[in-house]
Amino acid sequence: MNKILHIPVLVVLLFTAGCTSNSQNEFKLNSSEYKLLLDSARFADIEQGFRDYWTIIKAVAEEEGIPVAESEHPYKIKHKEISFFDTRNYDLKKNGYILRRKIKYKEGHREPGSEFSLKFRNTMPEIAATADVVIGDGYTPKDDKIELESDIVYFSAENGGKEITFSVQNLVELDHTPSFRIGEFARIYPVLSTFGLPEDTELELVAEASADERMMRPGKFEFGDGLKGRIDLTVWLLDLGGEEVRIPEFSFDHPFPEDRDYSEEALRKCTTFIDRLQEEAPDWVVPGKLKAAFLFEYEE
């Protein structure tokens, strides 16, 4: 039975997005993720790149008075395959949606099953918060609730500053993958049936490429007042037209519990850390955008 209902609308100031809304109805963020795109040349050796940048991260955190709780195995690398699917005319993307598949690997071997997610993204939180990503009857969502998230890309290729988008998504784990047609996936995500497409419309692999993802989760920032940020270092390996492309990224995210507000000092440390990181090691940083954009822009 479907456990997911629509997101409740709450009133809150959007601290971590670095912006406020002038509308009367503002929306409660459940989490924020801060992203910094890194220079691929620094990750010719992925593990060494992770280690070198982790050293820089810890040094900057210490200078800023931000404790780091290092993981028991900080250099453990996780392996996944990330793919995106859309129609030939990008009908999902044109409606604000992205269909993603994740496949996990362990010790070089694919694990059974696949995780799919349908994500809606928009620059306006009030639009993202009310988007339909509900899962159909007969399928069990992976998470108990739909959350409103913000993605903050620093040193954006778009505007040179912060590029902020808001999103909701719903995840489902499947033992068997259905055929890649709109009608099949509309049974999982009914909103796909509202785009006016024939049921036999094919969903194709975007850019004819999947990302070979390598990820390290070395620890958490402790910004104070209970505000903790989980750190990810990620590299996507892509074959785009016969050329290998590496997309490294540093990010951290944190939740916004509904029963509390964080102190101004903790939020300040959280929102200024990436600025300090870029100032300390600017030669590691390149103009930023969301990793999935590389695939969609390659097709265009």
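Listed values, structure above:
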{"item": "Dipole magnitude (debye, nearest 20) for the chain, charges at Cβ of Lys, Arg, Asp, Glu", "result": "420 debye"}
{"item": "Residue-span extension gain [GLU264 to ASP239] - 0.36 nm each, minus C-alpha spacing", "result": "4.6 nm"}
{"item": "Computed FRET value (nearest 0.05) for THR272 with GLU202, which takes r as the C-beta separation and R₀ as 51 Å", "result": "0.65"}
{"item": "Loop trypsin sites (Lys or Arg not before Pro), the range 144-232, which have at most 15 other Cβ atoms in a 10 Å radius of their Cβ (DSSP)", "result": "LYS145"}
{"item": "The range 256-300: trypsin sites (Lys or Arg not before Pro) falling in loop per DSSP and having at most 10 other Cβ within 10 Å", "result": "ARG260"}
{"item": "Stretchable slack from GLU280 to SER31, in nm (0.36 nm times residue separation minus alpha-carbon distance)", "result": "87.0 nm"}
{"item": "Candidates GLY241, GLY96, GLY219: whichever shows maximal mean-square fluctuation once the chain is modelled as a Gaussian network with Cα springs under 10 Å", "result": "GLY241"}
{"item": "Segment ALA293-THR55, extension gain: residue separation times 0.36 nm, minus the distance between their alpha carbons", "result": "82.8 nm"}
{"item": "Estimated FRET transfer efficiency (TYR139, GLU107; beta-carbon r; R0 35 Å; 0.05)", "result": "0.75"}
{"item": "Rounded to 5, percent antiparallel among DSSP beta bridges of the chain", "result": "90 percent"}
{"item": "Overall form of the range 52-131 per C-alpha gyration tensor (a/c, 1.5; a/b vs b/c)", "result": "oblate"}
{"item": "Neighbour cut-off at most 16 other Cβ (10 Å), DSSP loop, trypsin sites (Lys or Arg not before Pro), the range 71-118", "result": "LYS76, ARG88"}
{"item": "Distance (nanometres) between label positions extended 7 Å along Cα→Cβ at LYS76 and GLU126", "result": "4.5 nm"}
{"item": "In Hz, Karplus ³J(HN,Hα) per residue of the range 146-158 (6.51, -1.76, 1.60; θ = phi - 60°; x = Gly, Pro)", "result": "8, 10, 8, 10, 10, 10, 10, 8, 8, 6, 4, 5, 6"}
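Throughout, read-outs are computed from the coordinates displayed, never taken from laboratory work. All values derive from a computational prediction rather than experimental measurement. Quick reminder, even Gly has a Cβ in these numbers, built from the backbone with ideal geometry, and neighbours come from all protein chains shown.
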